[in-house]
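Enquirer: The structure that follows is given in the form of structure tokens.
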2 protein chains.
Amino acid sequence: MFGNMSMLLAEDGSQLWLRARSDAHAQVIANQKSPSIDIAIKELQTQWKGAPVQLNIVRTKAVIVLGEDGYIISGENTKDIIIEASSEQGLLYGAYHLLRLQETNTLPVTFNITEYPSYAIRILNHWDSFGYTGTSGMMGLGSFWEPEKLPGTIPAFYTQYARANASIGINATVLNIIPGSPDLLTSVWIEKVKAIADVFRPYHIKVYLAPNFATPKLLGELKTADPLNKEVQKWWKNKVDEIYKYIPDFGGFLMKANSEGSSGPLDYGRTHLDGANMMADALAPHKGVLMWRAFVYDPNEVDRAKQAYLEFKPNDGKFRSNVIIQVKNGPIDFQPREPISPLFGAMKKTPVMIEYEIMQEYLGSTNHIAYLGTTFEECLDTDTYSQGSGSTVAKTTDGTMFGNKLTAISGVANHVANAANWCGHVFAQANWYVFGRLGWNNKLSAESVAEEWVRQTFTNEEAFVYPITDLMMRSREAEVDFMMPLGLHHLFACGHHYGPEPWCDEHEPGWRPDWKPSYYHQADKEGIGYDRTVTGSNAVEQYFPPLRESYGNLATCDERFLLWFHHVPWTYQMRSGRTLWDELCYHYDHGVQEVRDFQKTWDRMEKYVDPERFVHVQSKLRIQANDAVWWRDACVLYFQTFSEMPIPYNLERPNVELIELMTRTIDPFK
Amino acid sequence: MFGNMSMLLAEDGSQLWLRARSDAHAQVIANQKSPSIDIAIKELQTQWKGAPVQLNIVRTKAVIVLGEDGYIISGENTKDIIIEASSEQGLLYGAYHLLRLQETNTLPVTFNITEYPSYAIRILNHWDSFGYTGTSGMMGLGSFWEPEKLPGTIPAFYTQYARANASIGINATVLNIIPGSPDLLTSVWIEKVKAIADVFRPYHIKVYLAPNFATPKLLGELKTADPLNKEVQKWWKNKVDEIYKYIPDFGGFLMKANSEGSSGPLDYGRTHLDGANMMADALAPHKGVLMWRAFVYDPNEVDRAKQAYLEFKPNDGKFRSNVIIQVKNGPIDFQPREPISPLFGAMKKTPVMIEYEIMQEYLGSTNHIAYLGTTFEECLDTDTYSQGSGSTVAKTTDGTMFGNKLTAISGVANHVANAANWCGHVFAQANWYVFGRLGWNNKLSAESVAEEWVRQTFTNEEAFVYPITDLMMRSREAEVDFMMPLGLHHLFACGHHYGPEPWCDEHEPGWRPDWKPSYYHQADKEGIGYDRTVTGSNAVEQYFPPLRESYGNLATCDERFLLWFHHVPWTYQMRSGRTLWDELCYHYDHGVQEVRDFQKTWDRMEKYVDPERFVHVQSKLRIQANDAVWWRDACVLYFQTFSEMPIPYNLERPNVELIELMTRTIDPFK
């Protein structure tokens, strides 16, 4: 820690982007009273520094068309300000909007703001062991929710969690990993869920659960979980009724069935359609929603990238109206970059929701800066050509194109239970933030949201805001470059998703081919990449024209996806004029140089940041820089054994032998 | 290994710079016959590709003035060539000269070459456990000489070793570590020495030994080793007589006495002078030489850099005429860069010889490219001002200035017993080579010798010769930069001389202060460096004016030695305009960038080098690049805890935490 920073107080990041403080005790009045409105009043009273604010529940047409979550802000900052909404949550969102403008130095003189969300449901998916007793469950970690204390004691962070979500428009959360423990649906656990729901309710966060499809069987209450079995149908109906008795505004279920070994309707000779509709029927009387994940794949001959489409597309329109199909942004699994899933735009009658990953499972975990606003934006903005040009993923999912009323967007979040800053890395908070903001308004740019976040989380000093926003905007591309450029994917170590192991052959006996990097990179003496054109798996066929043709043609394929769709000769001439091999090396090296540049940028910011967060980020960037070199050297040296071509001579050389990297072990969770 | 190299045969480096081959069977005749002349004939017959060669022993004045080692080459390459000398070794050296011209593509049409050596004795010092039984001795390693086989079996490499030395003019070798085991002087070992001397004789390599000063006492033959004791004097006289019976041309002794715990005359209340003259008297009747090392220091209050001068200077002229004082090039101990020892030029009556280190004890051991020609040249060319301007170290040591006839130059070499390429790193051979070449002619430039070596060791292809010569010329400065720039010294790990440990405080209980890095760097909140001016240890006083004044004055001091002589504030403005702290960071980073550049240069050379040596050097450079980053980060991060200043923002940042480096352990000998 150096420089003149003694006036900057240490911060541990626990306040997230909600760091506003005011001694002014703002004048705030409301025309109605409710727990939610009380929260809105309190937030403004303690943070707002401007003119008096009125919070009004109104039933004007202008407000009603905005839906329950919408609001209008009018008035003048020098006189008075009026927030109007048809519901208490609209006022709450309006209050946070006002504070956001204040904290980002973007307050207008005259307010003329009309807001409503792009998606009805903006939901977090927690890959958490809630529902399991002890430390079983995902990665053997205990639950973030500290369920052992429930329902007797409510952890204090619940309120902070709900507040943070509400401040960015998130209005739902799935508490547990999918598929959950069968215990999750027993009364002991339902009481815990109720305790959580009660805390979240004033912040308008609905609680969802991800039950195990075989719960009635696993609990020993029935001999089967066959969705066409009357007893099973009745069991679920009763169970849902029971849940709603505890939690009248319970959100519904998120289901992962018949995927990666989880139970599901296929176990009983039934279809995803059968399973989903059975559960939807149980939820429907309570207006409960069923989110059915399309993340399904089996170790068969079919290209994994094709399986979700093959499974769901034929049943478009056959699902109940309270079913929404949850589709990961790309066809594989949250890789640093993927093309869009072909299911976007393909399902025209049954609604489809995007599943993003907020946590950086494949992007350096809690160690790297990888702002995912650009990933989210890239997906939203991609044209599916479903109904001709302009059929972006945004429009096919938010109701604009197919008129769906049931719209949702989800983000997988794995909060770090023992990190004061929630996410393990201060900059990982930005991914939570941007998910919420784009879920609210899918037309916002990733860059504007990054800037918003930087201003609130750190400072409005322009000498800080612009370089750091720029850094964030480049950060995910840097990860792509040093990990998996040009459409490469899933080169991760078989034992974890942190480091590179493009050579990994068999992690343990019986390790499935589609869990090995070689399944994806297909490197050989001639070239590299997965042929998904007509001469290969023909996954391109699942896209609408002209995407199908442009991806399927080596000459026209977006080079960012080149090796996703094509097996390309090492000597193939890229648009830059370089060979594929050289281009690959350039990307890998560029990723490293970018991270080094981020380090320089960050270190220059010392005087604008409190010492605690400055050192925290500096230290994380050192790890990231080290990891970037590790990735580059591992991949370049390994692929060089196939290409047998020299690394372009103006690029930095590896300073390690491939064999050392191949025998290095790392526990990323240590 | 990539590219079109299949025509380049693998080489293991064992041939050193002697790779010439000829199918021509050259015509060579000699006017006399001797084992040495036979060698010269055979070398030319098997390698020379030009005109017939005559080897003539002559007694012309022109040849006699060149001394026993000198020679004249005349004639024309298209007709015939004549090598003339007054002795067989002159012819041998002339033959190697001719071959060198051929192999470096520098043969003239008409020969007009007159050569004689700068120093009478050009000697290697082997820090070897010869004389010890088993694997005791230095670093617990067995002896390079494989003495257990002697005298019955002569290892084949002895001849190759002698030939390599003769080819570059080295004419003496000290077989063992100093101080040696007392067993060394027993008849069992003398017989082994004789076996070695017999092999070396035709190559005109004289054998020396480094006995333990206390040998008569340690062997139990006398109760004391007091040099003024008559019995002791007699013992040494008899012992020397015995040795010369076995080896009539035995060279003499190299003594390390009262240094680093070794025995010596001070143990008996006597002086170095007493000890040296006693042993010199024993050697004199046989024309034996006594080399007495000035590497003496004790853990007292006196600056270690001053001790040799204080000990020896007062006795100038009092030593016997067959004594020569062996002085390391710098005052401390073969650091990456040192100023010259103040003893050069100070001893005007008693001859002084330079002790260089050929092996890279402090420069990356067998892992780094660090061409020491520049180190040797820098020392030779430094003006001592002993007799006014122009009194270079070369002139004060080679007889030019003080008229000494006993002249010598030594190089510490530690050949790697189990490395086919002799030195562990192909480029380390160049340090052996340049030592020999500068010992022969101290006016040669380090650059011309590097080029000679490159041409012989690899190829005459200009696209290889010039970049690699350039790389070598920059290599030692790169080491200085990433290890110890601006006059820093001895920042090595206390347990070894490989990695950085500027923080090392106490390696083991009782560790001497002068074995700790902090003794040398003296870093504190104000600045860094050892004050050796009048306000400090006043070591500058030992230099002649104007060196004394220029080193002693912060404003005039050569910045390469700044922190050797001064404790300098972190914010001191350097000639570049930067602060000292920034300048330090720049040097450290520049060293790293240089090594990375060496990697690029080397990788471009693939098509000119056989695959075995290409990969060998490529692999070593990867280690060097890694070590360079390690050094830079360790030193910069550690010194930053004192300076509390930021690393200049345009420089690459560390990608590791200081604490990790401080807890890292490494066994450089593994």
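Enquirer: Please count how many residues of the range B:101-120 are touching a Lys or Arg at 6+ places or on another chain (Cβ under 9 Å) and either crowded, with 17+ Cβ neighbours inside 10 Å or at positive phi (or both).
Expert: 6
Enquirer: Quick one: residue B:210 ticks every box in (1) in contact (Cβ under 8 Å) with a residue 60 or more places away in the chain; (2) farther than 20 Å from residue B:155 by Cβ; (3) surrounded by fewer than 21 Cβ atoms within 10 Å (Cβ to Cβ) bar one, so which box is it?
Expert: For residue B:210, the exception is condition (3).
Enquirer: Still on this structure: Assuming residue A:111 fulfils every condition listed in (1) touching a helix residue (DSSP H, G or I) at 6+ places or on another chain (Cβ under 8 Å); (2) in a strand (DSSP E or B) apart from one, which condition is it?
Expert: (1)
Enquirer: Looking at the structure I just gave you, is residue B:129 in contact with a helix residue (DSSP H, G or I) (Cβ under 6 Å, 6 or more places away or on another chain), in a loop (DSSP other than H, G, I, E, B) and in the same structural domain as residue B:289 (by the TED database)?
Expert: yes
Enquirer: Do we find a residue being under 35 Å from the mean Cα position of the chain (by Cα), surrounded by 19 or more Cβ atoms within 10 Å (Cβ to Cβ), outside the structural domain of residue B:165 (by the TED database) and assigned to a helix (DSSP H, G or I) anywhere in the range B:65-83?
Expert: No: zero hits.
Residue-by-condition table, conditions (1) in contact with a Lys or Arg (Cβ under 8 Å, 6 or more places away or on another chain); (2) of a type in the set (Asp, Glu):
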position	(1), (2)
A:333	no, yes
A:343	yes, no
A:349	no, no
A:367	yes, no
A:374	yes, no
A:386	yes, no
A:397	no, no
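Enquirer: Which ones in the range A:283-331 are under 21 Å from the mean Cα position of the chain (by Cα), aliphatic (A, V, I, L, M) and either part of a loop (DSSP other than H, G, I, E, B) or not assigned by the TED database to the domain that holds residue A:347 (or both)?
Expert: Those that are under 21 Å from the mean Cα position of the chain (by Cα), aliphatic (A, V, I, L, M) and either part of a loop (DSSP other than H, G, I, E, B) or not assigned by the TED database to the domain that holds residue A:347 (or both): A:294, A:296.
Enquirer: Of (1) within 11 Å of chain B (Cβ to nearest Cβ); (2) more than 19 Å from residue A:491 (Cβ to Cβ), residue A:641 satisfies all except one. Which?
Expert: With respect to (1) within 11 Å of chain B (Cβ to nearest Cβ); (2) more than 19 Å from residue A:491 (Cβ to Cβ), residue A:641 is out only on (2).
Enquirer: Could you check the range A:315-331 and list, in sequence order, the residues that are surrounded by fewer than 21 Cβ atoms within 10 Å (Cβ to Cβ), over 27 Å from residue A:247 (Cβ atoms) and in contact with a Leu (Cβ under 9 Å, 6 or more places away or on another chain)?
Expert: Within the range A:315-331, A:315, A:318 qualify.
Results for (1) crowded, with 22+ Cβ neighbours inside 10 Å; (2) closer than 22 Å to residue A:583 by Cβ; (3) modelled with pLDDT of 95 or more, shown as yes or no for each residue.
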| residue | (1), (2), (3) |
| --- | --- |
| A:463 | no, no, yes |
| A:471 | yes, no, yes |
| A:474 | no, yes, yes |
| A:479 | yes, yes, yes |
| A:488 | yes, yes, yes |
| A:493 | no, no, no |
| A:507 | no, no, no |
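Enquirer: So if I check each of A:376, A:334, A:344, which one is buried (at least 24 other Cβ atoms within 10 Å of the Cβ) and touching a Phe, Trp or Tyr at 6+ places or on another chain (Cβ under 6 Å)?
Expert: Residue meeting the stated conditions: A:376.
Enquirer: I would also like to ask the following. Within the group A:162, A:95, which residue is surrounded by fewer than 24 Cβ atoms within 10 Å (Cβ to Cβ) and in a helix (DSSP H, G or I)?
Expert: A:162
Enquirer: Which members of the range B:543-592 meet the condition of being surrounded by 21 or more Cβ atoms within 10 Å (Cβ to Cβ), in contact (Cβ under 8 Å) with a residue 12 or more places away in the chain and more than 26 Å from residue B:637 (Cβ to Cβ)?
Expert: Scanning the range B:543-592 gives B:543, B:547, B:551, B:552.
Enquirer: Tell me which residues, restricted to the range B:636-645, are in a helix (DSSP H, G or I) and either modelled with pLDDT under 95 or out of contact with any Pro (no Cβ under 6 Å at 6 or more places or on another chain) (or both).
Expert: Scanning the range B:636-645 gives B:636, B:639, B:640, B:641, B:642, B:643.
This table checks each residue for (1) within 14 Å of residue A:364 (Cα to Cα); (2) in contact with a Phe, Trp or Tyr (Cβ under 7 Å, 6 or more places away or on another chain).
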residue	(1), (2)
A:604	no, yes
A:610	no, no
A:622	yes, no
A:628	yes, yes
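Enquirer: Now a separate question. Quick test for you: out of A:169, A:142, A:180, A:152, pick the one residue that is among the small types (Gly, Ala, Ser), in a loop (DSSP other than H, G, I, E, B) and closer than 30 Å to residue A:465 by Cβ.
Expert: A:169 is the lone residue from the list that is among the small types (Gly, Ala, Ser), in a loop (DSSP other than H, G, I, E, B) and closer than 30 Å to residue A:465 by Cβ.
Enquirer: Among the residues of the range A:611-638, how many are facing chain B (nearest Cβ under 7 Å) and surrounded by 15 or more Cβ atoms within 10 Å (Cβ to Cβ)?
Expert: Residues in the range A:611-638 being facing chain B (nearest Cβ under 7 Å) and surrounded by 15 or more Cβ atoms within 10 Å (Cβ to Cβ): 3 in total.
The values are calculated or read from the model by the stated rules, or taken from the named source; none is laboratory data. Fair warning: this is a prediction, and the values are worked out from it, not measured in the lab. Cβ: placed from backbone, ideal geometry, glycine included. Neighbour counts: every protein chain shown.
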